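**Student:** First the structure, which I've put down as structure tokens, then a few questions once you've had a look.
Every number in this text was worked out from the coordinates using simple rules, so none of it is lab data. What you are looking at is a predicted structure, and each value in this text was computed from that prediction instead of being measured. All Cβ positions, even for glycine, are placed from backbone atoms using ideal geometry, and neighbour counts span all protein chains on display.
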Amino acid sequence: MSDASLAAQPRRHRPMMAELNILLVLVGISLTFEILGWITQGQSFLGNWQRLSIMILQVSVVGIIAIGVTQVIISGGIDLSSGSIVGATAMVSMSLAQAAGYERAVYPALTGLPVLVPLLVGLLFGLLCGIINGALIAYTRIPPFIATLGMMVTARGFAKWYTKGQPISFPSDSFAAIGKGMMPVVIFLVVALIFHVALKYTRYGKFTYAIGANPQAARVSGINVERQLVKIYAVAGLLSALAGIVVAARGLTAQAGMGTMYELDAIAMAVIGGVSLTGGRGSILGTMIGMVIFGVIISGFTFLRLDAYYQEMIKGVIIVAAVVADVYRQKKRKKV
Amino acid sequence: MLDRTGAWQGEFILEVDNITKEFPGVKALDGVQLKIRPGTVHALMGENGAGKSTLMKIIAGVYTPDGGEVRFAGQPLSVKTPLDALNSGIAMIHQELNLMNWMTVAENIWIRREPLNRLGLVDHGRMRQMTADLLGRLNIRLDPDAQVSDLTVAQKQMVEIAKAVSYNSDVLIMDEPTSAITEAEVEHLFAIIRDLKSRGIGIVYITHKMNELFEIADEFTVFRDGKYVGTHPSSSVTRDDIIRMMVGREITEMFPKIDCEIGETILEVRNLTLPGVFHDVSFNVRKGEILGIAGLVGSKRSNVAEAIFGVHPAPLGDILIDGRHARITCPSDAMAHGMAFLTEDRKETGCFLILDCLENIQSALITRGHVKNGFLDQKTITAKAEEMAATLRVKTPNLFERVENLSGGNQQKLLIARWLLTEPRILILDEPTRGIDVGAKSEIHRLITGLAAQGVAIVMISSEMPEVLGMSDRIMVMHEGHVSGFLNRDEATQVKIMSLAAK
């Protein structure tokens, strides 16, 4: 055969570049708080183990959702329903988790059930919501924004209707244990590890990236795009439900309004973590760094005794800045 | 090879028999046939719209046929999805690139077939090795870990080819595989094809390029207007025979062309070049003249029109209007010079489908003037729009009808009305009658020749041979971004045009 070499070899793909960039942002923000801490408070921001663990605890519930949302966004979609699924699942699972003999229980005949019952029913509920999202998107071809917006409103309505707006309380000790202490962090880490592996080392992950990068190419490569989309949204629903169970267990009560705006925080974490809203790019590791950036900002502002209002404003600026930075990085890459 | 089909010993590996496919309003394929022998390259030839790509998409499971049968190794083949086709041993390189950006070369090639380790996880090491082996065997020098978004178009095309080969299929379909690659890579591709041939694979090769046909193909089949014309061994025919088969239709339509006085040059284009797209395009159009531009898909005719109108300006070369240099960086510059441009795809780049007729007609007019005290002078605009719609006989209950409810022909008339309201001196028409019925077609033809008679200089890009021949005073033929020749009205024939268009 002729040796028709293809002159210019492209640069070798450096897989962790994007994550490294975000990590630098995280280090920069943390150091800023550290310096401001010494100047204004006379103490260290990072050198306080308790503060750091509370910081992670605060964001780990939304972090669980962000893992599911990350794979949805990588596939080129969006999930607005996660916060509402948190609220609805919290209600459903708590109603089956009430302590034995509690007279004002939602189902007086169903108190003191083994913890597996509320856990499984809650997870199944979220899975079902996710499957509905996925099936609508894959088979009716309505945009993910609309399908999940519908689920967002419907699930929130369901949560309110479930007890006509009444909160549900008094869970069994074993259910409460799901949210105790650092349990949410542990659950988050396990979920993150599973999905890090799933996205990087399984066909499930490869298909997800492929669909986000070029759905037509995925189809002609023989991938069943519709089925894969249903799976992706089902997983997102399942993880939202898990977050709902953790929130309810931790608060020892479930309210219909739980999880409001979580979907947007989760999307923001993913976006700050370098997950591209046009699909095909991003990683669990990136989202995890994005989540920690969120945590640092929240606890940093509290530490500096600044108004919570500033937090929100800075958060908004960082979300936009992260995407602008990403667009510029892509442009630069093209030119080289 | 052929282990899936066991002891199969027939003559043809793939047989297409009497396939018919209809799209709304068009019969894309009308009882065509195609028979592929193992270990040969079979070229499929035809003009634009002859139905080649449609048939390939049917074989690859992208479309389902309305009638007829495809047999693979003697057995009827039913493919409903691309996966079915791959599983039955048919791989395809599509005309457009189908790669996943942001993923690596290795991931793109082995998607859905990734090697797994004992834990069921993707074995990246082995996948890299498999890719290196495959690329090595095909002599393609690419890093398996390179990200596809960083590759050049030619490199991407080579990845597509490697991916198609990796399926180890019995039939490989290549739809215009050389449209994006250079001479050296074409040689490389042919070396790969010869190797595949020697291993007994049947190859369907779709091309517009005559010289490629004689270099690589053993047999060829010609389609014309969705119909089967014939199959011959490529050793027994000449280039001219094939061209005659491709264009051999009777021209029965009558064109209302009026011979009118042709005046001085209005538009002159000198050495216009958009690197990598078209090169050294020079022509001029005179007052009252209709210049037809003919060429096959990939001849970049539309790109030239877009460059002149400032949609994608070309960095090199000159555009002169009335003998003076014109700097055109965007469409409004072009409009200021009296140009109008009817785009190729009326649904994508022409109409505002969900807006009403009036909004569609006035959109070009209101970019200039017609404002009173900061408000649109709607009364005058509406009056002009109504008059123009009536002149062009746009069939609509009133101007408040949504454009999507109009027929294709009326949409096209509406778009012409939009541009005529700007009173252009130079009118560029890109496929002015594509996909519209015969009646509307001849009305538009009458309109075009009438405009020329009024002294408008007209540039008309058309893929319909009779239209080009019937309407043009002069014909410019393009081939892959270059002007390959000019023909005067009295000397132009279908065969001459096709010889210039398909080098």
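**Student:** Of the candidates A:ASP307, A:ASP326, A:ASP79, which one comes out as most mobile in a Gaussian network treatment of chain A with C-alpha springs shorter than 10 Å?
**Tutor:** A:ASP307
**Student:** Next question. For B:LYS441, list the aspartates and glutamates whose Cα falls under 17 Å from its own Cα; do not include residues on the same chain fewer than 8 positions away.
**Tutor:** Once the sequence-local aspartates and glutamates are set aside, what remains near B:LYS441 is B:GLU253, B:GLU344, B:ASP345, B:ASP430, B:GLU431, B:GLU464, B:GLU467.
**Student:** Where the centroid of each part is defined by its Cα atoms, how far is the stretch B:203-234 from the stretch A:241-294 in Å?
**Tutor:** For the stretch B:203-234 versus the stretch A:241-294, the Cα centre distance is 57 Å.
**Student:** Under a plain spin-label model, where a point goes 7 Å from the Cα along Cα-to-Cβ, how far apart in nm are B:SER235 and B:THR64?
**Tutor:** 4.3
**Student:** In addition: Would you mind telling me which residue in A:LEU264, A:LEU24, A:LEU136 has the biggest mean-square fluctuation in a Gaussian network model of chain A, where springs connect alpha carbons within a distance under 10 angstrom?
**Tutor:** Highest fluctuation among the options: A:LEU24.
**Student:** Determine, from the Cβ-Cβ distance of A:THR154 and A:LEU116 and an R0 of 30 Å, the FRET efficiency 1/(1 + (r/R0)^6), rounded to the nearest 0.05.
**Tutor:** Calculated transfer efficiency: 0.65.
**Student:** Based on alpha-carbon centroids, what's the gap between the stretch B:263-325 and the stretch A:113-129 in Å, whole number please?
**Tutor:** That distance is 67 Å.
**Student:** Could you work out the local net charge near B:ALA457, counting Lys and Arg as +1, Asp and Glu as -1, over the other residues with Cβ closer than 11 Å to its Cβ?
**Tutor:** In short, -2.
**Student:** May I pose another question? Cα-Cα pairs above 50 Å in the protein assembly as shown: how many percent?
**Tutor:** So the pairs more than 50 Å apart make up 34 percent of the total in the protein assembly as shown.
**Student:** Taking just the alpha-carbon atoms of chain B, what radius of gyration and Dmax come out, in angstrom?
**Tutor:** 25.5, 85
**Student:** For all pairs of alpha-carbon atoms in the stretch B:36-183, what percent lies in each bin of width 5 Å, listed from the first bin to the last filled one?
**Tutor:** Histogramming the stretch B:36-183 at 5 Å steps yields 2, 9, 17, 19, 19, 15, 11, 6, 2, 0, 0 percent.
**Student:** Over the Cα atoms of the stretch A:152-284, each weighted equally, I'd like the Debye log10 I(q)/I(0) at q = 0.17, 0.18 Å⁻¹, rounded to two decimals.
**Tutor:** -1.04, -1.11
**Student:** State to the nearest 20 debye the size of the charge dipole of the protein assembly as shown about its Cα centre, where the only charges are +1 on K and R beta carbons and -1 on D and E beta carbons.
**Tutor:** 2260
**Student:** Can you pull the mean other chain C-beta count within 10 Å for peptide B:139-145?
**Tutor:** The mean count of partner-chain Cβ atoms within 10 Å per residue comes to 4.
**Student:** Something else about it: Under a cut-off of 13 Å between alpha-carbon atoms, report the aspartates and glutamates in cross-link reach of A:LYS200, not counting same-chain residues fewer than 8 places apart.
**Tutor:** A:LYS200 reaches B:GLU107, B:GLU114, B:ASP123.
**Student:** Rank by packing, highest mean first: peptides B:458-464, B:67-73, with packing defined as the count of other Cβ atoms within 10 Å averaged across residues.
**Tutor:** Averaged packing, sorted descending, gives the order B:458-464, B:67-73.
**Student:** Would you please put B:376-389, A:55-68, B:197-210 in order of how densely packed they are, using the mean number of other Cβ atoms within 10 angstrom per residue and starting with the highest?
**Tutor:** Output ranking for B:376-389, A:55-68, B:197-210: A:55-68, B:197-210, B:376-389.
**Student:** Rounded to the nearest 20 Debye, what is the dipole magnitude of chain B about its Cα centre when Lys and Arg each give +1 and Asp and Glu each give -1 at the C-beta?
**Tutor:** The calculation lands at about 400 debye.
**Student:** With a point put 7 Å past each Cα toward its Cβ, work out how far B:LYS27 is from A:LEU252 in nm, to one decimal.
**Tutor:** 8.0
**Student:** Can you pull the semi-axes for the stretch B:65-136, root of five times each eigenvalue of the Cα gyration tensor, sorted largest first, whole Å?
**Tutor:** One finds semi-axes of 30, 15, 12 Å for the stretch B:65-136.
**Student:** Something else now. Search the structure for amide H atoms under 5 Å from the amide H of B:MET45, placed 1.01 Å from N in the peptide plane, and list their residues when 5 or more places away or on another chain.
**Tutor:** Result for B:MET45 returns B:THR221, B:VAL222, B:PHE223.
**Student:** Going down the table (B:LYS395/B:LYS496; B:LYS227/B:LYS347; A:LYS331/B:LYS156), which pairs top 31 Å between alpha carbons?
**Tutor:** Over 31 Å Cα-Cα: B:LYS395/B:LYS496.
**Student:** In a shell of Cβ-Cβ distance under 14 Å around B:GLU348, excluding B:GLU348 itself, what net charge do Lys and Arg (+1) and Asp and Glu (-1) give?
**Tutor:** -3
**Student:** Under the rule of at least 5 residues apart or a separate chain, name every residue whose amide H is placed under 5 Å from the amide H of B:LYS209.
**Tutor:** Amide H neighbours of B:LYS209, under 5 Å, 5+ apart: none.
**Student:** Hey, got the average number of other protein chain Cβ atoms within 10 angstrom for residues in A:277-287?
**Tutor:** Per residue, the average neighbour count from other chains is 1.
**Student:** Okay, next question. In the stretch B:295-359, which GluC sites (Glu not before Pro) fall in coil by DSSP and have 15 or fewer other Cβ atoms within 10 Å?
**Tutor:** Answer by residue number: there is no such site.
**Student:** Continuing with the same structure: I'd like the mean, over residues of B:100-113, of how many other protein chain beta carbons sit within 10 Å of each residue's own Cβ.
**Tutor:** Taking the mean over all residues of the peptide, I get 6.
**Student:** Determine the gain in length on full extension of the stretch B:ASP218-B:SER442; use 0.36 nm per residue of separation and subtract their C-alpha separation, reporting nm with one decimal.
**Tutor:** 76.4 nm
**Student:** Dipole size in debye (nearest 20) for the stretch A:1-150 around its Cα centre, Lys and Arg Cβ +1, Asp and Glu Cβ -1?
**Tutor:** Magnitude of the dipole: close to 120 debye.
**Student:** Any idea which of B:ASN87, B:VAL171, B:LEU213 is furthest toward the positive side of the dipole for chain B, if Lys and Arg beta-carbons carry +1 and Asp and Glu beta-carbons -1?
**Tutor:** It is B:ASN87.
**Student:** Continuing with this model, one more query. Can you compute the modelled spin-label distance between A:ARG104 and A:TYR139, with each label point 7 Å from Cα toward Cβ, in nm?
**Tutor:** Reported label-point gap for A:ARG104 and A:TYR139 is 4.4 nm.
**Student:** Could you point to the residue in B:ALA440, B:GLN454, B:GLN494 farthest towards the positive end of the stretch B:430-494's charge dipole, with +1 and -1 charges on the Cβ of Lys/Arg and Asp/Glu respectively?
**Tutor:** B:GLN454
**Student:** Can you find, among A:SER221, A:ALA138, A:VAL185, the residue farthest towards the positive end of the dipole of the stretch A:108-251? Put +1 on the C-beta of Lys and Arg, -1 on that of Asp and Glu.
**Tutor:** Positive-end residue among those listed: A:SER221.
**Student:** For a protection proxy built on the mean count of beta-carbon atoms within 10 angstrom, sort A:270-279, B:173-182 highest first, please.
**Tutor:** Most protected by this proxy first, the peptides run A:270-279, B:173-182.
**Student:** Kindly list the residues of the stretch B:293-314 that lie in the label zone of B:PHE486, defined by a backbone N under 16 Å from the point 7 Å along the Cα-to-C-beta vector.
**Tutor:** Counting only backbone N, you get B:293-294.
**Student:** Please compute the net charge surrounding B:ASP318, taking Lys and Arg as +1 and Asp and Glu as -1 over other residues with Cβ under 13 Å from its Cβ.
**Tutor:** +1
**Student:** Could you state the per residue volume, in Å³, of the convex hull enclosing the Cα atoms of the stretch B:296-382?
**Tutor:** It comes to 136 Å³ per residue, whole-number rounded.
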